[in-house]
Amino acid sequence: MRRRSVLLAVPALMLTAAGCGSDDKKSDSAASPSPSGSATPSATPKPSIVSGPVPDITAGTKFGEKPTVAKGTVTPSKDLAVKTVIQGDGPAIAAGDYIQVNYLGQIWDTAKVFDTSWGRAPYTNVIGEGKVIPGWDQGLVGQKVKSRVELAIPPSLGYGTSGNAQAGIKGTDTLVFVVDVINRYDAKSSANGKAVPQNDANLPKVGTNTDGAAPSVTVPKGVKAPTKLVSAYVLEGDGATVKATDTLLLQYKGVLWDGGKEFDSSYKNGQLAAFPLAQLIKGWQQGLAGKKVGSRVMLVTPPDLAYGSQAQGSIPANSTLVFTLDILAIL
């Protein structure tokens with residue numbers, strides 16, 4: 001958090017197409033824009049969406065199972081083909097939501113798998129805003145959480161006439177994806193962990209609501225601010241453990257220890273915060289690393305781990321800051 005507002009757009013590491021494969025240190029090609037960078041919703045006309053043809057799923061047919069998909073045996077449609085293989089019962093995806101999915105991508109003509117998230121962590125990115133290939137943007141909006149969706153994506157809605165040589169995708173290849181929609185996050189999302197007792201009268205108390213509204217933060221009156229970082233669970237989730245190198249999707253709210261005045265909030269801005277942890281103030285880096293996804297964390301950040309002697313907007317110099325942060329996902 002180098003400036004007062006910690007809201008960022010999709011991290012820079014997600015903005016370029018990269019190679020495919022099972023190495024989880026690489027960006028996922030399915031989740032990258034076209035190499036030209038021009039295939040955004042505003043630049044790409046919305047196509048007709050048809051129900052097929054799509055190749056058969058021959059194994060791994062249940063939601064959550066890694067699928068095996070047959071080779072395309074007929075000429076693929078020039079339009080975007082979308083088939084809801086399993087209808088979920090969760091909320092519908094809207095443009096601007098972050099979606100968490102497992103996916104497998106292969107080439108229509110050869111059935112060559114060029115990328116899959118199965119065997120790695122699920123993939124999370126924003127949908128409907130040009131951060132993924134247009135076939136995903138246009139084929140997944142409106143689908144429900146817990147659905148399995150099969151997409152047959154023509155070149156114009158994939159990687160264009162340039163293809164993606166590093167992934168072995170030619171400019172004439174129709175791409176086939178099977179996507180399991182695990183979850184979706186929007187500005188009303190909250191952590192879903194188990195409430196942890198807050199028994200220290202010398203520390204702030206944070207609300208445990210999970211309705212998407214900003215939790216309350218009550219700073220104790222007449223108590224001297226801690227001189228060392230405090231990082232404590234308010235709601236303890238059961239997801240993956242955050243690493244210092246992770247990029248996180250969060251809801252957050254920050255108040256001053258002195259007086260409890262709010263100075264920044266993703267809730268008030270109406271937009272989730274997504275950023276690499278390593279780029280944020282030291283209090284966030286140290287206080288969130290090791291915590292679990294699905295948690296709400298209370299941080300008390302002394303000045304030397306925040307902005308020190310430099311004032312930042314409505315944050316006076318030498319301020320101790322109190323944050324509540326919901327760790328929604330690792331991107």
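The values are calculated or read from the model by the stated rules, or taken from the named source; none is laboratory data. Nothing here was measured: the structure is a model prediction, and the numbers come from that model. Cβ atoms come from the backbone with ideal geometry, glycine included; neighbour counts cover every protein chain shown.
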Residues of segment 271-302 satisfying the condition of being under 13 Å from A244 (Cβ atoms) and in a loop (DSSP other than H, G, I, E, B): L280, A289, G290, K291
query: How about segment 116-152: which of its residues are assigned to a strand (DSSP E or B) and either on the phi > 0 side of the Ramachandran plot or of a type in the set (A, V, I, L, M, F, W, C) (or both)?
result: W118, V126, V149, L151, A152
Single residue of Y252, Y185, Y233, Y267 found to be aromatic (F, W, Y), under 30 Å from I57 (Cα atoms) and surrounded by 15 or more Cβ atoms within 10 Å (Cβ to Cβ): Y185
query: When you go through (1) part of a loop (DSSP other than H, G, I, E, B); (2) in contact with a Ser or Thr (Cβ under 8 Å, 6 or more places away or on another chain); (3) surrounded by 15 or more Cβ atoms within 10 Å (Cβ to Cβ) one by one for V54, which number turns out not to apply?
result: (2)
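Only one of T172, T161 is within 30 Å of W118 (Cβ to Cβ), in the same structural domain as R120 (by TED's automatic domain parsing), surrounded by fewer than 17 Cβ atoms within 10 Å (Cβ to Cβ) and free of Cβ contacts under 8 Å to residues at least 12 places away in the same chain. Can you tell me which?
Checking each option against the conditions leaves just T161.
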